[in-house]
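Report on the structure given below.
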Amino acid sequence: MLTISEAKELPRKLVKKILKLGASDATVRLSVSNSTMIRFSNNNVTISNSFKIAVLEIYIAFKERRVTGTITDLSQASIEQTIERLMSTAKTVQPSDVYAPLPKGPFKYDRYLLKVGNISMEPDILVDYVNAAVNSAISMGAKRVAGFLRFMKSETVLCTSGNVEASSKKNAAALYVRAFAADDATGQFATATADSSEFRPEKVGSIAGEIAKIALNPVEGEPGRYDAILGPMAFAHIIDEFGSATSAFNVDIGASFLVDMLGKQVASQKFTLIDDPTLYNTYGAEPFDDEGLPTRRNIIVENGILKTYLHNSTTAKRHGTTSTANAGIIVPTPFNLIIEAGDRSFEKLLSEVDRGIYVTNDWYLRYSNYREGDFSTVPRDGLFMIKNGSIEKPLKGLRLVGNMIKLLSSIIALSMERHWIEWWEVETPVYAPWALIADVEFTKSML
C-alpha cells in the first residue's frame, strides 16, 4: 500500500505523464480508505472486518474523445498498462458532440470541508454503537435484531490538467437495523452521518423495534387506491431515484423522466429538494467535485418547479449553462439530497388520513418505463392500514405502483421531523421526512 507522501504525489505524476503522451485533458483521483464493517444478527455481533482499499480513477481526453478507467491494483505495471490501454482507447472511441476543457484552477475550497467527520473507529466504541441499537430495538418489542454498521476513514487526492491539486479527509458512519418481532413482523431503519453528536444508534434501533412490534400478525392487503404515508426509508428511496433523474447525462441519453421538464412543475408546491454537499459533518459532505470545482448548494426543485439539472463541464456546455459542480466526469451525480421540512408532526399526518396505507420501507424498485417514470416497488417490513386517523392493522402482500412525477405532484404534506437515510437501496444520503401522498395505487405483490 502506498505511503501518504506517495499517495499525494502519484496523481500529479500521472497527470503530467498523460499530458506528455498527447492528451488534451486528464484527471487522476486517488481514494484511500480504511473501513470497518460490523455485521450483527440474532442480537449479537457475527462478523467484524477491517480493510484498506486504494482506488485510482483516471480520466483521459483527446478533445471530444473521452475515456475513464478505475483500478485497485496500484503496482507500477498495472498503472502503466491501464494508462496505455486508456490512451489507445481514447484515440478510437466515438467522439462526443461537445468538447469542454476541464475547469481552470487553482480554486479555493471551504477549509471546514477539507477535513470532515469526528467519529471514532475504536473497536470498543463501534461495538457499543451496535449494542445500543440492538438493546433499544429489543426494549421496543423486537425479539431479535440484525443489521450492519459501516465506518469509513478516507483520504482523497485529486489532480487535474486544469491546474487543480486538492486533497480531503473524511470520517463517516452508516448504520441500518432490522428488527424482528416475528418472522413476518419486521421493522427497519437507517442513518448515516459524519458527526458523532448526530449519530444515535439507539434511535435507529427504537424506530425499527417499534415498527416490528406493531407489525405482528399481518393480514393480506386489498388492492386499490389509497392516500399513503411514506416513511423516511421509503420516501428517501423515491428521492434517490429522482436525484439520479436530475443528472444532465441521464437526461441527455433519455434515461430520465425529467427530459424537457426544466422550469416546469414536477412535484407538489409543498416539495423543495436541495443538493448540498457543503453541510459540515454530513455523510455526503465534499469540498470539490471530480473536476476540481468547489462544491456548492444547488436548489433542484423549488416549490415543485424543476430549477436545474445537475451538471459537469461537458453537460453544462451542451445545455448552454454552467457546471453545478456535480462531476462525475461523465455522469453528474448528487452528493447530499435534502428535502425541505414540512409543517406537520407524524401524528398530525396520520390524523388526516381517513382510509390509507402507511409504508415504512420498500425495495426492488423497478421501472416499466424509464422515460415516463412509471415504476413499481415492493413494501418491505411494516406496512399498515390506516383508518380514521390511526393505524388499524398490519398488512402484507401489496406492491406500490406509480409514476414518479404524479406521485411527487400528489404530496399533500410533509413532516417537520427528518432523518438522514443511506443503505443499499438509497445510495445518495437523503434527509427525508414522512410524506402524505394522495391517491397511490397498490396492487397484489407476486413476491
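The values are calculated or read from the model by the stated rules, or taken from the named source; none is laboratory data. Only a predicted model underlies this, so the values are computations on that prediction, with no experimental measurement involved. In this analysis, Cβ positions are derived from the backbone assuming ideal geometry, glycine residues included, and neighbour counts consider all displayed protein chains.
Taking residue 62 as the residue in question, decide whether it is closer than 26 Å to residue 284 by Cα and either among the aromatic types (Phe, Trp, Tyr) or outside the structural domain of residue 177 (by TED's automatic domain parsing) (or both). Against the criterion (closer than 26 Å to residue 284 by Cα and either among the aromatic types (Phe, Trp, Tyr) or outside the structural domain of residue 177 (by TED's automatic domain parsing) (or both)), residue 62 does not qualify. Is it fair to say residue 256 is in contact with a helix residue (DSSP H, G or I) (Cβ under 7 Å, 6 or more places away or on another chain) and either surrounded by fewer than 21 Cβ atoms within 10 Å (Cβ to Cβ) or in the same structural domain as residue 379 (by TED's automatic domain parsing) (or both)? So residue 256 passes the test. Restricting region 200-229 to residues that are touching a Leu at 6+ places or on another chain (Cβ under 8 Å) and of a type in the set (A, V, I, L, M, F, W, C) leaves a set whose member that is nearest to residue 120 (Cα to Cα) is 204. In this structure, does residue 367 turn out to be on the phi < 0 side of the Ramachandran plot, part of a strand (DSSP E or B), in contact (Cβ under 8 Å) with a residue 12 or more places away in the chain and aromatic (Phe, Trp, Tyr)? In short, no.
Going by what's in this entry, would residue 128 be described as without any contact (Cβ under 8 Å) to a residue 12 or more places away in the chain, under 21 Å from residue 233 (Cβ atoms) and assigned by TED's automatic domain parsing to the domain that holds residue 55? No: the conditions fail for residue 128.
Counting only strands (runs of 3 or more DSSP E) that sit wholly inside region 221-308, those with at least 3 residues that are within 19 Å of residue 438 (Cα to Cα) are 224-230.
Just one of (1) in contact (Cβ under 8 Å) with a residue 40 or more places away in the chain; (2) acidic (Asp, Glu); (3) under 30 Å from residue 149 (Cα atoms) fails for residue 97. It is (3).
Quick check: anything in region 67-90 of a type in the set (D, E, K, R), part of a helix (DSSP H, G or I) and touching a residue at least 12 places away in the same chain (Cβ under 8 Å)? Full working, then the answer.
As a first pass, look at region 67-90 and keep what is of a type in the set (D, E, K, R): 73, 80, 84-85.
Of the ones still in play, those that are also part of a helix (DSSP H, G or I) are 80, 84-85.
Within this subset, residues satisfying the condition of being touching a residue at least 12 places away in the same chain (Cβ under 8 Å) are 85.
Checked against the condition, which is being of a type in the set (D, E, K, R), part of a helix (DSSP H, G or I) and touching a residue at least 12 places away in the same chain (Cβ under 8 Å), region 67-90 yields at least one hit.
Would you check which residues across region 371-398 are acidic (Asp, Glu) and either under 16 Å from residue 236 (Cα atoms) or part of a strand (DSSP E or B) (or both) and list them? Please lay out each step first, then the result.
Restricting attention to region 371-398, the residues satisfying the condition of being acidic (Asp, Glu) are 372, 374, 381, 392.
Within region 371-398, 374, 381, 392 qualify.
Every test in (1) over 27 Å from residue 158 (Cβ atoms); (2) over 19 Å from the mean Cα position of the chain (by Cα); (3) among the basic types (Lys, Arg) is passed by residue 317 save one, and that test is (1). Output the residue which, of all residues in region 100-125 that are assigned to a helix (DSSP H, G or I) and in contact (Cβ under 8 Å) with a residue 12 or more places away in the chain, is surrounded by the most Cβ atoms within 10 Å (Cβ to Cβ). Applying the filter and picking the extreme gives 113. Quick one: in region 340-363, which of the residues that are outside any loop (DSSP other than H, G, I, E, B) and touching a Leu at 6+ places or on another chain (Cβ under 8 Å) is farthest from residue 419 (Cα to Cα)? Filtering first and then ranking leaves 357.
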